[in-house]
Every structure is written in structure tokens, then in C-alpha cells.
Amino acid sequence: MPFTVGELRTLLAEHHKAGDTSRALELDGGRAGWAEVFRPLFPDGLLRATDCETDPQTLSLHGLALTTLSTEPARVRVAFADDGGPEITGVSLHAGLPTLVPVSTLVQGLGVGWEVSALPTAATVRQVELRQQDGVFVLSGTGGSCAVTVVGHEGAGRLLLARCDGWQVLCADRDVPRRQLSPLVGAVGLDGVVPDADLPGGTWLTVPRVQTSAGAGRQKAPEGHASRSGGWAATSFGSAFGGGADPVMIPVRGARRSAAVDARRRDGLGRPLPLLKEAGVGAAPGSSAGGSGPWRGVYAVAVGDGFVVVAPGALGHRQAHRFRLSGPRGPVATGLSFPDFGDLVDGEHVTVTYDKSPLYVSGGLAAKKAEPPYALVAGGVLIVDTKSFSGSAVAAAYLPTSGNRASFFAFGALTADKGIGPPAFQVRGVAGGMGWRSNLRLPSVEELADFPFLQALDDPTAIGAGPDGSADPLAVLDTLATGAEPWITPAGGGEDPLWITAGLGFTIAERLDGRAMLVLQTGQDLTFALLGIAGMRFPKEPGRRRYANVELGLEAVLKPRAGELTLAAQLTPNSFLLDENCRLRGGVAFKTWFGPSTHKGDFVVTLGGYHRNYKRPDHYPTVPRLGFDWDLSGKVTVSGEAYFALTPAAVMAGGGLDVRFSSGALHAWLTARVDALIQWKPFYFDVGLHVSVGVQARIKIWFVKITITVEVGVALRVWGPPTGGEARIKLWFVSFTIGFGRGRDADTHALDWPGFRTMLPPRENTLRLLPLTGLLPEAPGADGTRGADAAWQVATSGFSFATDSAMPITEVYLAAGGGSAVETGSRVDIRPMDRRGLTSVHRVWITLEGETVDLQDWARTASTTSVPKALWGSGDDDPLDGGDELVGDQLTGIALASPATPDYGHDTGYIGEDAIAFDPIAPDGTQPLDPSAPPAGPAPDRPGGVIEAIVQTVNAPAQRDARGQLAEALEGFGVGLGALDSDLSAYARAAETAFTAEPMLLNA
């Protein structure tokens, strides 16, 4: 219950009576009626005042206290009001801050309840006052020429008015009807200019309307800031707030590249959501601007000491036909001639703008110092905007020091207000870019929404435009090439990497909006990537309440040299279902490692993450839980989540539900979750379930705060087979555990060999022979097919092959039996069989015509790889312990190559003229033969069976001996023919195919 006047006076009197001002005085702002005054300024809503003096009669105190706005104590005064009765009717608090605080920091830091767009940094305050009486909450701050006031009333929302140096900003956390606006402002005596009409929620710059001679509405820029927008900004929209005396309300955007927000749309945590694109981001209520996207509505952007009002696109605010040049030399009107940029130095930039409706062109150059080995980086941007399409091109070059080479990148995008193509598939934008001697950092799946190249497919000016819409070349360098993790960096050393991008913005069936981009990056880290964002919303028509909006970031990345393939998707924060406060979240990922990777053979599939006790290996991807967060009423929140993951060691799944209620000092909750770990072959499960229900209340008896908590929880864990488990019951005063079934170690669940054999690949893939080089094409059989078990036909010049085993190998022998091991590996563990230290023997041998070939002289290379720990691990590790899911450096095969043979080459070499010369015979010369002479001697005959006779006898022992005797006899006559008894088995085999027909024979 809240303090009464008597209790408060007693508390202040006791402190006053003690006379010790150094003793801290604590006042709990959580008491009813004080929360909105104390919590914005003091941590936890608790005022801890030192050097404190109290006045029990006037119910006031003053002292020093730490606030949320400064690290140094502030001088504070607190006064309470009463109407003569026992209850406190009001409270006011004043704080003198030790330093100046920007207005935007003050408002957002005090947590007034909504996100306020950026305000000029020059607007600061030093005095802050908060008060609450009769249901009205007021926050005010003053300092120099600036003032800010926030007023709130139950049921009427909250309103902020900030004024400084001639400008005024209104901010409302919701739509405020006209009937509530005047009483809300009048209740605190605000005399600022406010519209006599309904005030839409959001942040608005109020500009007095001035009638021109033509009767058109114009807004005058605040004094001192005319040069930023040319002095006047003619507009084509009328006021939404009645008569001519009303101000023009211009929406205020946040800082450059920050998304505008809609205070009326909030996520599950109460945070404002981005403005919907079709609602005309930046369009003033009641305007006739039309169009879509950030370049189709009037808006204001805060700068250091004021605001810049921008009305691009179709609004016709642009000046008469002219160029504008701005930069380090100041604004210069140049007529129609192109200006001389001159020599840029570090930190300088120049911008050229051509503006004549409907064409708007802005371009600029900038230069900054670069990190060695580069001396300077020069960036440029070109922006083109018409009423139907807009585009931009950005580029930068890194100028090297002497002896180095330059680095360069460029990117361009073009979008159309209306898609091109049939309704089934419309193209909304295209983009492309490249970089030479440049590296492009690919975004992770959660960074896709912030990737500038993807953003440019919806808004080409997202990269190179400044707050006022003109080209900002420094923004190119700030956005892309600077910061802790820049998107683009120049290559170093002797590298010459190249990256190329091509993107497309599209709409499918007028329902699915998407952006996709292909990326190729060369160099040491060769990468192929497909990046994209796709989303659907229902209904899509603007102005209607949304029941669903789902937006998904997608990423596919292949790195062949690193041996990695990644597929990932993740919901963006813009996703909701049924209600905008029911926010969807979560991600999925698949990653596998191959080839040169040290994690070759490993893989992971995850939907929503991993078991909460699983120690994720560093190379596994991280994704958020699949789930939702639903804020039902501001007091009740519901959250749900689920996950599934598959690794080589185990599969895990689970989920949870969390329901919480909070109202003042009363809290209640219901939590439930389930986690499951499953192993296969042998099948084994371990499932845990936890449910907890509790309530907590915080009460104060006299001056003692007491927190009472009552909680009932049940935790159930079940495993099997054989099935067993335990249940743990927890009450607020006692807890105990009940066991049932078999214990966890009652059975090892080990498989026998036939059971384990089913877990291996099919028999034909358990052990494979792989030809490497020298394999000749096999002639098909009579039926046109080739036999799978037929002997290999190999080249005589050399041949190599390899073996590949699905299970690890301990010893390799090059013989069908016996012999000694030529390669050795580690002993084999079989986890499903609960066996360790086994020996696996691998034998390789070759037979040729029934004879075993000696392989000792063949070159050999052992093959090693990583194998799944789930099959070949020792079984001692907990599957939840993460780490490496593979057993590395396991011997799985051997490669053999035949001994080297002479290389006779592939051509005859050079043949000179003398080798083919001949002597012609004169026509009247004497012929050596008589062409008319009849044949003499025995006639040749083709008896058949000659080839078979050659095959059978050319290498027969009798013929070899006869040839040897002939050679020996001829050598006695001085004719040395060499050895004629050599092995001619190869000739015998070749004879079967060497002759095209049966040879002819003559009788000797």
C-alpha cells in the first residue's frame, strides 16, 4: 500500500531528528503514485539521497543522488503534496544535472515510453523537473535557449514538445484526437504552436505556414539554417490541420541510414517497428506526395544545430533550373558549367547537384587518408532520381604509395517505382558491382538486412546519400570501407583478388517481395555465395490491419578451397503472426566440410539451435531458437521456442513455453520445457521435462521490505531402453527425488557384429577400388554391355589405382596372405558395439593370368581421413560435450602406382630430308626386273589357323630353344644377332589383335 502523509512525515522527521546529513535516505518510487516520477530518473525507481536535509512540515527533502543521466551525483529536490487528508496527492522532483545533456538523450534515457527520432545535438538541458498530480505526469527540462516538456495523462497518451533556437518539435506516442490535444497541452500551460486537428503519432517538426503572393504554401527554414535548404522550400501539399494559421507538420527522420519507426506499431518487447514502405516513409499526414520509398515524402533530418527539410521526388520543392556546388570551399552557384573540383585532400569533399523537375542528379567526390601501403582513398557517388525510377553508382579507389598497386571497387543500383514484367514475376531493381585487388566481407545471415548492397535493391541511395538527399561521397567510405568490420577492404601484399556481384529485386505473384544477390570472390578464399531476403505480408494493401508479416534472410556460401558449404536462413525482427506484438524469431542452418578442410566429413543440421547443455564446437553455426514472443496486454507475455539438431554423434530436439504476468509488486510465471537427446543404432533416448509455476509479491511492513515467493516445480527425466527415470519435485519449502525403472547404466545397449554391419554402407560400397590413371576403355560384349566384374584393361606405359574403405584400417598388406604390413594406422574403436582397440586388416594383391604380381616395387601412398565419432568413437565422451564430432587421421585406404616404364614419346621427332630422299630411274635405264617374266617358285597359300599357331608356339619352350641354338650357330660365323630366346609372351598376346587377316605361308 502507498505511503500515507503520516508515514512519510514520520520517516522525514526521523532523518531530521538524527541530524546526520551524511546518512543516506531511501525512498521507494515503486509505491503507488510515485513510479512514473522516480523510475525515469533513478535506477530501480529507488531514490538514495546523501547529504540530505528533510522538512517534515512541508513534506520535502533535498540532497545529492545518482541519476540515470550522469555518472556524477546531481542536486535533487523532492516535494510531496496533500489536500489535508491522509493520502499523498502529488509529487514533484527537480534535479540539477552536473553536465549538459542532449534533449534526445534526456528523453530516451528517461524512458518516457516511446522511441523519439534524433534531435539536434546542440539542443541540451541542465535542469530537469518531474511531477505527477491528479493523474497528469509532466517532465520538463531547461538549459540555455532550449526547453523540453513531456506531458502524459492516463488514457490520452503522451506528448513531447521540444524548442530551441527557433525550431519546435512535437512527438506523440500514439494518435492524439483533437478533443484530447488541447486539454493535454493546456494542463501544463504549453504555449507552443500546435495544430487544431488530430495529431498523428510520431515525431514532427512544426514549421509556421507563410502565404506567398501566388497563394501556395511555403515553409520558411529556421533562422540561421536557410543556406542548408536554399532559404525556402516550396511544397505542393496542403495542411492536414485546418486553417492557414496552423503549422505545417513535417515528419522527423532518425540519423542517416537509421530506419524510420512507427510509434503505433510495436514488437513483442514494446519497441517501435519500422514504418511500412507502402505507407509512404517520410510522407506527411494529409500530403499528396504519393509515391513510395524514402524518396517520395517530405521529411526533416536533424543536423548539429537545427533541421534540414527535404522534399524530393514528385514534391516539386526543388529550385529553378540550376546547379549547386558544396564542399570545403563553400556553396557556389555555377550556372550550367561543370565546376572544377581541384585537388582534394584528406577529409574534404565536393558535391554537384542538378535539380530541375522531374530530373534530380547529384554527384560528389571525397578523399581520406588510407592505411599503409595506401596513401589516400578517393570515393565518388552519383545519384539520379526521376518520378519513375531512381539509381545510384558509387566507387572508390585506393591510391598506393610508391612501388604498390592501386585497389578499386564500384557498385551501382537502379530501381523503379513500379515493377517491370507480368504480375507473376516483376523486377523492381537491379544492381551490380566489382572490385579489383579488393576484398568483400560477406554478411552473416543475421546481418543481411544491414548489408548495403542488398539495401540498394530497394533504395539505391542507401549507400551514398546524405541527410538532405544529395550525394554524400564521405558516406560511401563510412558505410562500406571504414569501421571495426568494414564491408570492403583493399587487398594487401601480392594478392590480386577480384569480386563480382549481381543482384535483383523482384515481386512474385504480387505477394512475395524478394532481393537476391550473387557474389563471386577470388583469391586465397575462393567463394561463391547467394544472398537474399524474401518476405510476405497479409493483407498487403496499405491502410489495413496486418495479420502476418514474415521476412526471411537466406544465405548459401560455397568455399571450395576451404572445403565448406553453408546453407542458412533466419527470420528478421520484422516478422509477426496474428498480432504485431506476436514477434517471430529463429533460424536454420546446414553446414558440411569436405576436401581440404581439417573438419572433412563433419556436418551439422540445426533448426533453432542445439540442446541447452550441448557444448557447440567453434566451427558449428549459431542460430537463434525457433519461437515467438507475444506481449498480450503489457502485463502478460508469452514466449515459446523449439529446436532440432543433427550431428554425426547424436540428434537432439526440444522446446519450451514461458508465460509471465507482472503488475506492480506482483509477479507470476509458468515455465515448461522439454529437451531430448537421441542416439541411433543402438537406439537410445534421454528426455528431460521441467514445469514450474510460481508467484512473487513484494510488500512493505512499516519500513521493512519483504519479498514472498511461492513456487512449485516438477522435473522429469526418462531414458531407455530399458526404460527408467527420475522425478524431482520442488516446493518452496522442500524438494525430493523419486526414481523408477532401470538405472541409466543398467545396460550398455551394445550391438553384435551383424547388427552393426547394417549401419555400414552396402557391401559394394564398403570397400571400393578406384582407378586413377592408365585405365583403358573396355570393349563392350556381344550384348553391348560391359561387365562390372571384368578385369581392367590398363596401359603398358603405367597404371595407378586406390582403395577406399568405409571403416578405419589398422594394417595394410600387399599380399593375399602372410607378409608384413606396409602401412599401419591406429586401432579401431566401434562405439555401437562398445568395443575398443580392435585390429582391422586390409589386403591388396593383383593377379595376372593366374600369377600374383609383386607389388613391393610399386609406389604407394596411404590415404587418411576423419570418420564419425558416433560409429568409430570410444564411447567415453558425452554426446552433449560437443568438441570434435569426428575421429581424425584414420587410415582408410592406399594408392598404388606401377613402376615407371620407358617413355617413347608421342611423335616420331624430327625427320630430315635425307631420310626420305630417293634416286629416280631414268626411263631408258636398265630395269633390274623383267616386268613380263612369269612367277617362279612356290605359290603362297592361306591355310588358316596361322594366328592361333603363332599364339601357341611363338613363346613355347621348344621354339625358344631353337631360336637360341640358331643365334649361337650364327654367332660362330661372325653374325651376332643377340639373344633370341627372350620371353615373347607379350607378343603372343598381341598377336590375337595385331593381324587384320590370316597370314599367307610359303613352303621353305
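Please treat every number below as a calculation from the coordinates, not as lab data. The shown structure was predicted, so the numbers you read here are calculated from the model rather than taken from an experiment. Every residue, glycine among them, receives a Cβ derived from its backbone with ideal geometry; neighbour counts consider all protein chains shown.
Relative to one another, the C-alpha centroids of the stretch 932-996 and the stretch 622-693 are positioned 89 Å apart. Ordering of 907-914, 620-627 by packing is 620-627, 907-914, highest average first (other Cβ atoms within 10 Å, averaged per residue). By the rule of a C-alpha distance below 27 Å, with chain neighbours fewer than 8 residues away ignored, the lysines paired with K17 are K700, K705. Among the chymotrypsin sites (Phe, Trp or Tyr not before Pro) found in the stretch 705-743, those both in a DSSP coil and sparsely packed, with 10 or fewer other Cβ atoms within 10 Å of their Cβ, are F733. Normalised by the number of residues in the stretch 941-1004, the mean separation of alpha-carbon contacts (under 8 Å, six or more apart) gives a relative contact order of 54 percent. Residues M652, M1000, M434 in ascending order of nearby Cβ atoms (within 10 Å, fewest first): M1000, M434, M652. With neighbours defined as other Cβ atoms within 10 Å of a residue's Cβ, the residues H15, H153 order from fewest to most as H153, H15.
Would you list the P(r) distribution for the stretch 715-778, with all Cα-Cα distances sorted into 5 Å bins from 0 and each bin expressed as a whole %? Percent of pairs per bin, in order: 4, 12, 12, 9, 10, 9, 8, 7, 5, 6, 5, 5, 3, 3, 2, 1, 0.
Peptides 935-942, 358-365, 793-800 ordered by packing proxy, namely the average of other Cβ atoms within 10 Å per residue, highest first: 358-365, 793-800, 935-942.
Bridging of K387 to lysines at a Cα separation below 22 Å is possible for K277, K356, K418, once same-chain residues fewer than 8 apart are set aside. The Stokes-Einstein estimate for the stretch 941-1004, based on a Kirkwood radius over Cα pairs and taken at 20 °C with 1.002 mPa s viscosity, is a diffusion coefficient of 162 µm²/s. With a cut-off of 13 Å between beta carbons, the residues surrounding Y643 carry a summed charge of +3, where Lys and Arg count +1 and Asp and Glu -1.
Give me the base-10 log of I(q)/I(0) for the stretch 606-668 at each q in 0.15 Å⁻¹, Debye formula, one uniform scatterer per Cα, rounded to two decimals. The Debye formula, applied to the Cα set alone, gives -0.57. The order of I830, I420, I738, going from fewest to most other C-beta atoms within 10 Å of their C-beta, is I738, I420, I830.
Across the alpha-carbon set of the stretch 385-501, the Rg to Rh ratio works out to 1.02, Rh being the Kirkwood radius. Of the trypsin sites (Lys or Arg not before Pro) found in the stretch 457-555, those in coil by DSSP whose Cβ has at most 10 other Cβ atoms within 10 Å are R544, R545.
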